[in-house]
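To start, the structure under review is shown below, and the notes come after it.
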Amino acid sequence: MFIGFTGPNAAGKGEAIRYLVDNHCFTAFSLSDILRAELKERGIESGRDSLIRMGNELREKEGAAVLAARTAAKIKNMPQAVIDSIRNPAEIEELRGSLKNFTLIGIDADARVRYERAVKRSREGENRISFEGFKAKEELENSTDKNAQQLKKCFEMSDIKIDNSKDTASLFAQLEKILKELNYTPYKRPSWDEYFMKMAYLVAERSTCIRHHIGAVIVKGNHLVSSGYNGAASGVKDCTELGCLRDRMGIASGTRHEICRAIHAEQNAIIQAALRGSPTEGATIYCTHSPCIICAKMVVNAKIKRFVTANRYPDKSYEELFGEAGVAFEVVQRPRLSISVLD
């Protein structure tokens, strides 16, 4: 989910963004950050007036949507973010086109209230400006030039509008209502189980079996020990080349394990650990499927103490063995297999 904020000076956009960052784990980005970087590179102080001039210059050179395009490219793979300093209609169109689930919220407040807030925060000499001067300065941000700031037009384009003339409690209540209406689901970092289970599914992509793609990782102290997928022994032809022997013979899944050229994922993970001299005693194995009885025996003798899976294999004979050997067996929800990262 991506939320953008637009609105006039001292309307409360900063308070709204801080609330989403502090209470809902959003990451904040500002289109003005690009301008500040440009100003710093040129050795120019990044005051409000210089930001406006730099923004107008970049839009004139690279198009009205330049700031939004650069920002969207940075954050498009994130699960959620909040974006500030949206001041041109082309920026809105760029963000709507580049980001999925983008919502623009316009925040406004009574002009006198905003003026008093600006004076109180004393940013860039705002405590010395008159009310008339405050309003006159705002008009500079409502140009008819397509490459300049057009705050009124941006506010009109908002998907949702907020009147923030009251206190912050009222603002926060409005934000919570909006999140509920947008069916917001909070983002959270994956747990260790989710993390390693997802890794097992990634390993499974290397499988050469044409019946089931299975992956396994062995973990100790939240560190990866080894990984394995189901496939033919090293250096010999696999089922992608020769076809499935079990299919030709009509053998059901979970039976007659000896009639198969593939080594199971759990077996390969244990073998890889042995080859590299990595102890597996007390470790956890994460596997996309529950084990067959042969793999279960190997897990027990490798002294692995926990087996975590998200899918059940037809062979259930491991259950009694694990119970007797004291191997904890857990079924977790299959992880979301897409990758969400900040590039």
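The values are calculated or read from the model by the stated rules, or taken from the named source; none is laboratory data. In this text the structure is predicted, and so the values were computed from the model without any measurement. As a convention, Cβ positions derive from the backbone with ideal geometry for all residues, glycine included, and neighbour counts pool all protein chains shown. Accessible surface areas use protein heavy atoms only, side chains included; no ligands, DNA or RNA. Shrake-Rupley method; radii C 1.70, N 1.55, O 1.52, S 1.80 Å.
Roughly what percent of Cα-Cα pairs across region 103-234 reach past 25 Å?
Counting every Cα pair in region 103-234, those more than 25 Å apart make up 59 percent.
Averaged per residue, what accessible surface does region 299-343 expose to a 1.4 Å probe, in Å²?
I get 64 Å² per residue for this part.
Can you give the angle from 0 to 90° between the axis of helix 192-204 and the longest principal axis of the chain, with both taken from C-alpha atoms, to the nearest 10?
Long axis of 192-204 versus the principal axis of the chain: about 60 degrees.
Give me the net charge of residue 221's neighbourhood, meaning all other residues with Cβ under 15 Å from the Cβ of residue 221; Lys, Arg count +1, Asp, Glu -1.
For residues surrounding residue 221, the net value is +2.
With every protein chain left in place, what is the accessible area of residue 187 in Å² (1.4 Å probe, nearest 10)?
Only protein atoms counted, so the area is about 80 Å².
First compute the accessible area of the chain with a 1.4 Å probe, then give the percent of it belonging to carbon and sulfur atoms.
Result for the chain: 50 percent of the exposed heavy-atom area is carbon or sulfur.
Using alpha carbons only, what's the Rg to Rh ratio of region 44-156 with Rh from Kirkwood?
Values: Rg = 15.3 Å, Rh = 15.4 Å.
When Rh is taken as the Kirkwood radius, the ratio is 0.99.
If you stretched the chain out fully between residue 202 and residue 166, how much longer would it get, using 0.36 nm times the residue separation minus the C-alpha to C-alpha distance?
7.9 nm
What's the extension gain from residue 275 to residue 211 if we count 0.36 nm per residue and subtract their Cα-Cα distance? Don't skip to the answer; put the middle values down first.
Working: separation 64, 0.36 × 64 = 23.04 nm, distance 2.74 nm.
Between residue 275 and residue 211, full extension yields an extra 20.3 nm.
Shape of region 293-343 from its Cα gyration tensor (a ≥ b ≥ c, root eigenvalues): rounded if a/c is under 1.5, otherwise prolate when a/b > b/c, or oblate?
Prolate, since a/c reaches 1.5 and a/b exceeds b/c.
Using only C-alpha atoms and all pairs of different ones, pull out the Kirkwood radius for the chain in Å with one decimal. Please list the in-between numbers first.
Details: mean 1/r = 0.0411 Å⁻¹.
It works out to 24.3 Å.
Taking residue 137 as the anchor, which lysines have their alpha carbon closer than 28 Å to its alpha carbon, excluding any fewer than eight residues away along the same chain?
Hits, sequence-local ones excluded: 13, 40, 61, 120, 146, 152, 153, 161, 166.
Hey, in the GNM for the chain with a 10 angstrom Cα cutoff, which one of 46, 130, 290 fluctuates hardest?
Between 46, 130, 290, it is 130 that shows the largest mean-square fluctuation.
Tell me what the chain gives for mean residue ellipticity at 222 nm when only DSSP H runs of n ≥ 4 count, each as -39,500 (n - 2.57), the sum divided by the residue total, rounded to 500 deg cm²/dmol. Could the numbers behind the result be given before it?
Details: 15 runs with 149 residues, N = 343.
Helix-only estimate at 222 nm: -12500 deg cm²/dmol.
Relative to the first principal axis of the alpha-carbon coordinates of the chain, what is the inclination of helix 48-62, with its axis defined by its Cα atoms, in degrees from 0 to 90 and to the nearest 10?
Helix 48-62 and the main axis of the chain meet at about 60 degrees.
On a straight-distance basis, which lysines could pair with residue 305 in a cross-link, Cα separation under 30 angstrom, same-chain partners fewer than 8 positions away excluded?
List returned: 188, 198, 220, 297, 316.
With axes computed from alpha carbons, what is the tilt in degrees of helix 168-181 against the longest principal axis of the chain, rounded to the nearest 10 within 0 to 90?
Helix 168-181 sits roughly 50 degrees off the main axis of the chain.
Would region 15-64 count as rounded, prolate or oblate if I go by the C-alpha gyration tensor, calling it rounded below 1.5 in a/c and otherwise prolate when a/b exceeds b/c, oblate otherwise? Walk me through the intermediate numbers first.
Working: a/c = 2.83, a/b = 2.08, b/c = 1.36.
Prolate is the answer for region 15-64, as a/c is 1.5 or above and a/b outweighs b/c.
Using R₀ = 56 Å, calculate the FRET efficiency as 1/(1 + (r/R₀)^6) where r is the Cβ-Cβ separation of residue 44 and residue 320; round to 0.05.
Calculated transfer efficiency: 0.15.
Report the net charge of residues surrounding residue 201, where surrounding means a beta-carbon distance below 15 angstrom and charges are Lys +1, Arg +1, Asp -1, Glu -1.
So the environment of residue 201 carries a net charge of 0.
Taking square-rooted eigenvalues a ≥ b ≥ c of the alpha carbon gyration tensor, is region 190-239 rounded, prolate or oblate, where a/c under 1.5 means rounded and, failing that, a/b exceeding b/c means prolate?
Values: a/c = 4.46, a/b = 1.98, b/c = 2.26.
Oblate, because a/c is 1.5 or more while a/b does not exceed b/c.
So if R0 is 41 Å, what FRET efficiency would residue 303 and residue 185 give, r being the distance between their Cβ atoms, rounded to the nearest 0.05?
0.55
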